[in-house]
1. Tell me which of these residue 165 doesn't satisfy, since it passes every other one: (1) crowded, with 23+ Cβ neighbours inside 10 Å; (2) among the hydroxyl-bearing types (Ser, Thr, Tyr); (3) more than 23 Å from residue 195 (Cβ to Cβ).
2. Test residue 167 against the criterion of being hydrophobic (A, V, I, L, M, F, W, C), modelled with pLDDT of 95 or more, within 14 Å of the chain's Cα centre (by Cα) and closer than 14 Å to residue 32 by Cβ, and give yes or no.
3. Within the set of pairs 6 or more residues apart or between chains, which connect a residue that is touching a residue at least 60 places away in the same chain (Cβ under 8 Å) and among the charged types (D, E, K, R) inside segment 184-208 to a residue that is outside any helix (DSSP H, G or I) and surrounded by 13 or more Cβ atoms within 10 Å (Cβ to Cβ) with Cβ atoms less than 6 Å apart?
4. For the condition surrounded by 20 or more Cβ atoms within 10 Å (Cβ to Cβ) and among the small types (Gly, Ala, Ser), what is the one hit in 54, 44?
5. For segment 11-68, enumerate the residues that are assigned to a loop (DSSP other than H, G, I, E, B), acidic (Asp, Glu) and without any contact (Cβ under 8 Å) to a residue 40 or more places away in the chain.
6. In segment 104-140, how many residues are in a loop (DSSP other than H, G, I, E, B), touching a helix residue (DSSP H, G or I) at 6+ places or on another chain (Cβ under 9 Å) and under 24 Å from residue 174 (Cβ atoms)?
7. So, residue 108, is that one free of Cβ contacts under 8 Å to residues at least 60 places away in the same chain, of a type outside the set (Phe, Trp, Tyr) and farther than 25 Å from residue 70 by Cα or not?
Amino acid sequence: MNAFETCALSVRRGSRDVIREVSIKLRVGEVVGVLGPNGAGKSSLLGAMAGELSARSGEVLIDGRSLAGLDALAQARIRAVLPQQAALTFDLALTDVIRMGAYPFAQATPAQVDDWVRQSVLDADLAHLEAARYGELSGGEAQRIQFARVLVQARAAAAATGHAYILLDEPTSSLDPRHQLFVMQRVHQLARSENFGVLIVMHDINLAA
């Protein structure tokens, strides 16, 4: 069975173990929430699963393969990551930012990418902003653009392999209440309908519920 998992994973930052022997399994079609207070190690867990932090012990497996054995391109072709702060210094058009999600998929046709972008714009409630530029947007709007970019990457991965994994770090932190619920509901719908396994790091227990 396809799964994204950690096996007795421990991660150290400086002199402190921020994760100690954590084992989780994320399956395709599931949405898994990781909750806890600030400093509990939630983002470190996501960073290890994203290949950005090295394990002190244990391992991360994606579809039975060690994540440590996959280069950055191979990782990008099976999992998409939305960091808590996605900085972008270039004032690009909204759709240009969203199209970046397809960069790891050179084999994708322009028509395919256009279709993924169109779907993802709707899934992030951005249709009314398609003519906008990134530098003009509020923090919440920019966060939804990055969410749409991640959806394009996941859709491209699913088109290539049949499924994809998405790692979201506090994806609703800058959103108004309506869009918080909108994004969470959309994530659940897409996990089932498009064969995504989604891990969401958050600290709001009410929103998680």
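1. (3)
2. yes
3. 192/29
4. 44
5. Once the filter is applied, which keeps residues that are assigned to a loop (DSSP other than H, G, I, E, B), acidic (Asp, Glu) and without any contact (Cβ under 8 Å) to a residue 40 or more places away in the chain, segment 11-68 yields only 52.
6. Looking only at that region, the number is 7.
7. Criteria not met by residue 108.
Okay, residues lined up against (1) of a type in the set (A, V, I, L, M, F, W, C); (2) farther than 19 Å from residue 195 by Cα; (3) in contact with a Gly (Cβ under 7 Å, 6 or more places away or on another chain):
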| site | (1), (2), (3) |
| --- | --- |
| 57 | no, yes, no |
| 64 | no, no, no |
| 73 | yes, yes, no |
| 85 | no, yes, no |
| 98 | yes, yes, no |
| 111 | yes, yes, no |
| 118 | no, no, no |
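The values are calculated or read from the model by the stated rules, or taken from the named source; none is laboratory data. This structure is a prediction, so every number in the text was calculated from the model and none was measured. For neighbour counting, all protein chains shown are included, and Cβ atoms are generated from backbone atoms with ideal geometry for every residue, glycine included.
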